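Here's the structure, in C-alpha cells; my notes come after.
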Amino acid sequence: YRDFPEYYVFFGIHSFTYNGIPQPNRNTQLVKDENTDGLIVGYTEKEGYGIALSNKRHHRKILAIVMGASSARKRDLESGQLVEWGLQSFESPILYEAEQAVSKAQVFKGKLNEVKIGFLHPVYATVGIGKSQEISPVLETEQPVIAPIAKGQKIGVLKVYHQDKLLYEIPVVALEDV
C-alpha cells in the first residue's frame, strides 16, 4: 500500500475479463460493504479458506485477517464480524494534526533561534473505546540543534504510552527550514 499506492485500487475491483473469460473477485465483502477495498482471498487444502481485507471508515483503516475457515461462507461471515468488532471496540483519536507545532527546539548557528517541530502527517493512537484519556505522549528531543535544518529533518521522537505501556514511537521533525 505504501510502496505502490497506485496499484492498491486493483484489490477493490469486483470483476474483470481476461481472454474473454469473466474473473469475479471472490471477496464478497466488496459487495456487502462499500468501505471494503479488498486485499486477498484464498483457499488451500492444507490451511482451508482465508482472507485478508481492509475496510476504511472515516480516518480509520481496519485490517482483518481470517485463516483456516472451514468454508468460503464461514470465511466471509467471520471477516465481516471481525471488521465490525474492530470498529465498535476500538477508537483512534487524533493526537496531533499534520503540520501542527507540538513544541520548539533551540537552534544554534541559524537565522532563527528556534524551529517549530511536529509531524508531517496526522498522528493517531488506537485504544479500546473510552480509553483515550489514558494515552500519554512523551516528547524527547536533543537540543540544541545545529543549523542548517531542513523541513522534515528528524529532531526527536514521540513515545506514545497507554497505561505505562509503550504503544509506539514516531519521529518528530522540523516543520520549517532554518
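The values are calculated or read from the model by the stated rules, or taken from the named source; none is laboratory data. For clarity, every value in this text was computed on a predicted model and none was experimentally measured. As a convention, Cβ positions derive from the backbone with ideal geometry for all residues, glycine included, and neighbour counts pool all protein chains shown. When the accessible area is computed, the model is the full protein with side chains, heavy atoms only, and any ligands, DNA or RNA have been set aside. Shrake-Rupley method; radii C 1.70, N 1.55, O 1.52, S 1.80 Å.
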Inset, instruction - May I ask you to derive the FRET efficiency for E6 and L63 from their Cβ-Cβ distance with R0 = 25 Å, giving the value to the nearest 0.05? - result: 0.80
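For n ≥ 4 DSSP H runs only, could you compute -39500 (n - 2.57) per run for the chain, divide by its residues and tell me the 222 nm figure to the nearest 500?
Mean residue ellipticity at 222 nm (helix-derived): -3500 deg cm²/dmol.
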Inset, instruction - Determine which lysines satisfy two conditions relative to K109: a Cα distance under 24 Å, and not lying fewer than 8 residues away in the same chain. - result: K151, K154
Legend entry - Share of carbon and sulfur in the accessible heavy-atom surface of the chain [1.4 Å probe, %]: 54 percent
Legend entry - Helix 72-89 axis, angle to the chain major axis (alpha carbon atoms, nearest 10°): 30 degrees
Inset, instruction - Using +1 at the Cβ of each Lys and Arg and -1 at the Cβ of each Asp and Glu in region 76-135, identify which of V123, L77, L87 lies farthest towards the dipole's positive end. - result: V123
Inset, instruction - Could you run the Debye sum over the Cα atoms of region 34-84, one equal point scatterer each and no solvent, and tell me log10 of I(q)/I(0) at q = 0.23, 0.32 Å⁻¹, two decimals? - result: -0.77, -1.24
Legend entry - Surface per residue (accessible, 1.4 Å probe) for region 27-178, Å²: 61 Å²
Inset, instruction - When you have a sec, figure out the Kirkwood radius of region 1-74 from all distinct Cα pair distances and drop it here in Å to one decimal? - result: 13.4 Å
Inset, instruction - For percent of Cα pairs over 20 Å apart, several values are listed as (i) 66; (ii) 61; (iii) 46; flag the one computed from this structure. - result: (i)
Legend entry - Accessible-area order (highest first, 1.4 angstrom probe) of the listed residues R26, R73: R73, R26
Legend entry - Computed P(r) (all Cα pairs; region 83-124; 5 Å bins; percent): 6, 20, 15, 14, 13, 11, 7, 5, 4, 4, 1
Inset, instruction - Determine how large the accessible area of S136 is when every protein chain is in place; take a 1.4 Å probe and give Å² rounded to the nearest 10. - result: 60 Å²
Legend entry - Rounded to the nearest 20 debye, dipole of region 104-178 from Cβ charges on Lys, Arg, Asp, Glu: 140 debye
Legend entry - Per residue convex hull volume, Cα atoms of region 80-172, in Å³: 97 Å³
